Amino acid sequence: MPSADLPVRQTGVDPVLPWRALAVLAALLAVEAGVLAVCFGRSLWELDNKKWVAFAVMFILVGCWSHIEQHQDEYRQRRVSWPLVAGQIFSFVCALASLRWMLSGASPTSLGEAGSWGVAVAPLVAWFVFSLAIVVPRFTLARNLLGISGVCALFAAVAWRSGELSQGFWKISGETTMQMVEGLLRPFAGAPVIRPKPFVIGTEGFQVTILEWCSGFQGIGLITMLLTAYLWWFRRIHRFPQALLLLPIGVALIWLANVVRITALILVGIYLSPEIAIDGFHSTAGWIAFVTVGMGLIVASSRIPFFTKPEGLSRGWGLTRQPERLAVPAGAVGQESGSLPITACLLPFLGLTAITMLTAAFSSGFDILYPIRVVCVAAVLWYLRGAFRWQEWRPALLPVVIGALSFVVWMFLTPGTTEASLEFDAVQNPFQLGQPWAALWLLFRVLGSTVTVPIAEELFFRGFVARRTINEDADSVPLGQFTWFSFLVSSVLFGVLHGDAWIAGIVVGMLFAGALYYRRRMVDAVVAHATTNALLSAYVMATGSWSQWG
């Protein structure tokens with residue numbers, strides 16, 4: 001008589017591999033992206049709004065991740081439907097043909113211009129529907145996913161068309177903004193405030209023209225996106241509907257902050273330097289206002305019972321918490337989750353961001369205040385030294401190799417020398433300071449590039465973002481735990497941080513993440529990052545390509 005404990009052999013059953021449908025779709029999209037790059041690479045690179053297209057894709061991916069996280073079991077067990085895969089491939093080929101037809105400037109068909117656009121867009125819609133159907137287990141989830149993707153795409157579209165929207169907003173709010181700036185300026189200007197033209201304000205010695213780009217609409221859009229994402233991401237700890245009041249409060253505060261920004265801009269031009277006001281403060285003060293209002297509202301709301309449930313109320317930046325660890329695969333080495341609290345991952349990067357904004361706001365042309373960034377971030381790291389366990393590090397060759405490979409990738413994927421980069425090289429040449437100041441500035445620049453910046457950025461992207469995208473309680477996630485979502489989101493965000501070099505940033509971010517996964521030690525990712533930056537620094541100083549430092 002057979003034992004009940006013996007395994008029963010099943011025949012004719014197709015075992016479900018976890019995430020198989022998602023892996024098939026990811027492979028399809030990767031191949032199709034390569035085909036698009038080959039067919040339209042030059043045209044896509046020359047698009048004026050390519051950055052917003054990348055942001056739209058990032059927003060949609062993050063929104064889809066948040067949805068899939070809520071239904072992991074169903075998505076994990078989704079079987080592959082090969083007819084749907086065939087339909088996706090066929091619709092992609094049709095979409096490719098329609099894109100070539102649209103970009104060729106062909107004349108409208110007999111259906112008219114609107115009909116021609118319908119014929120051209122239909123394969124793209126079919127491609128999207130088939131792609132969605134490959135991974136979504138049931139119709140209800142497809143409807144939810146479409147809604148999330150639509151909202152994210154809407155945010156990106158609003159950002160894309162921000163120019164026209166800014167003009168409309170400025171027509172409504174322009175005169176009110178001017179009157180408030182004039183009222184704030186009078187007690188501090190030290191001279192009569194004049195308005196020689198409708199949107200020109202200042203004193204006889206320094207005046208600025210306020211255009212629709214200074215209307216504050218971009219700030220309103222950004223703060224709305226930030227607070228919406230925050231409320232969605234942390235929806236379990238907020239009280240609704242009262243938490244929705246944060247949105248109008250944020251809009252009002254960011255608009256008032258824009259009034260203060262314009263007033264401060266004029267005062268900097270009057271009392272400090274017109275060059276610093278125009279070249280430094282003008283472009284940076286808006287981001288300072290955005291970060292101040294956004295983070296201020298988030299921190300304040302997390303401490304106010306009216307907006308946040310008792311279990312979500314913040315008690316401060318405690319560094320002594322001992323989190324409960326998740327299960328770790330057998331044989332893993334170098335676990336540091338208990339020694340690397342999330343606050344220790346956040347504070348260095350937040351300090352770096354804040355001091356970068358402040359120094360940029362009071363610099364004109366040459367970044368002479370860079371050493372202050374190094375000193376401030378080093379001070380934060382020294383303050384947090386008890387949270388790290390660098391003494392347990394054992395040298396390894398692979399992170400250095402990954403760093404060297406990342407340097408090659410960076411040089412290959414970043415744009416080549418242009419007229420603008422040559423002008424930037426001339427402006428940022430440290431030898432204009434004369435000796436010994438040029439040597440001292442270069443010393444701090446190399447220290448920042450190879451020490452403080454790699455530590456701060458790796459702690460944030462690989463220590464915080466990668467773990468937060470796995471579990472809301474990021475402290476409970478072991479360092480180096482791998483999921484595709486955390487890997488992609490942290491790498492994409494790292495790339496976006498690097499501006500026009502965002503493609504290279506995404507790829508090297510993936511390589512730095514690979515260094516972390518090797519032994520699950522944060523120091524390996526830092527070493528890989530530092531190696532890349534050290535090689536880049538050597539190249540910059542040897543060739544005088546100062547624009548490569550950013």
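Restricting to the range 471-492, what's the tally of residues that are of a type outside the set (S, T, N, Q), buried (at least 19 other Cβ atoms within 10 Å of the Cβ) and assigned to a loop (DSSP other than H, G, I, E, B)?
Residues meeting the conditions: 4.
For the range 423-452: of the residues being β-branched (Val, Ile, Thr) and surrounded by fewer than 22 Cβ atoms within 10 Å (Cβ to Cβ), which is nearest to Leu381 (Cα to Cα)?
The first filter runs over the range 423-452 and keeps only residues β-branched (Val, Ile, Thr), leaving 427, 446, 450-452.
Going one step further and asking which of them are surrounded by fewer than 22 Cβ atoms within 10 Å (Cβ to Cβ), we end up with 427, 446, 450-451.
On the way: Val427: 31, Val446: 17, Thr450: 14, Val451: 11 Å.
Out of the qualifying residues, it is Val451.
Anything in the range 30-86 that is in contact with a Cys (Cβ under 7 Å, 6 or more places away or on another chain) and at pLDDT 65 or above? List them, or say none. I'd like the intermediate steps shown before the answer.
As a first pass, look at the range 30-86 and keep what is in contact with a Cys (Cβ under 7 Å, 6 or more places away or on another chain): 59-60, 63.
Correct list: Ile60, Gly63.
Given (1) buried (at least 22 other Cβ atoms within 10 Å of the Cβ); (2) farther than 18 Å from Phe388 by Cα; (3) not hydroxyl-bearing (Ser, Thr, Tyr), where does Arg468 come up short, assuming only one miss?
For Arg468, the exception is condition (1).
Which is among the small types (Gly, Ala, Ser) and either in a loop (DSSP other than H, G, I, E, B) or farther than 26 Å from Phe362 by Cβ (or both), of Ala289, Ala252?
Ala252
Would you pick out the residues in the range 333-362 that are among the hydroxyl-bearing types (Ser, Thr, Tyr) and modelled with pLDDT of 75 or more?
Thr343, Thr353, Thr356, Thr359
In the range 234-271, what residues are loosely packed, with under 15 Cβ neighbours inside 10 Å and of a type in the set (Phe, Trp, Tyr)?
Scanning the range 234-271 gives Phe240, Tyr271.
Taking the range 509-550, which residues are β-branched (Val, Ile, Thr) and either buried (at least 18 other Cβ atoms within 10 Å of the Cβ) or within 25 Å of the chain's Cα centre (by Cα) (or both)?
Taking the range 509-550 and keeping what is β-branched (Val, Ile, Thr), we get 523, 526-527, 531-532, 540, 543.
Matches in the range 509-550: Val523, Val526, Val527, Thr531, Thr532, Val540.
Of the conditions (1) at pLDDT 75 or above; (2) part of a loop (DSSP other than H, G, I, E, B), Thr11 clears all except one; give me its number.
Among (1) at pLDDT 75 or above; (2) part of a loop (DSSP other than H, G, I, E, B), Thr11 violates only (1).
List every residue pair whose Cβ atoms sit under 7 Å apart, with the two residues 6 or more apart in sequence or on different chains, where the first one lies in the range 366-388 and is not assigned by TED's automatic domain parsing to the domain that holds Pro454 and the second, anywhere, is modelled with pLDDT under 90 and aliphatic (A, V, I, L, M).
none
The values are calculated or read from the model by the stated rules, or taken from the named source; none is laboratory data. If you're wondering where the values come from, they're calculated on a predicted model, not measured in any experiment. Cβ: placed from backbone, ideal geometry, glycine included. Neighbour counts: every protein chain shown.
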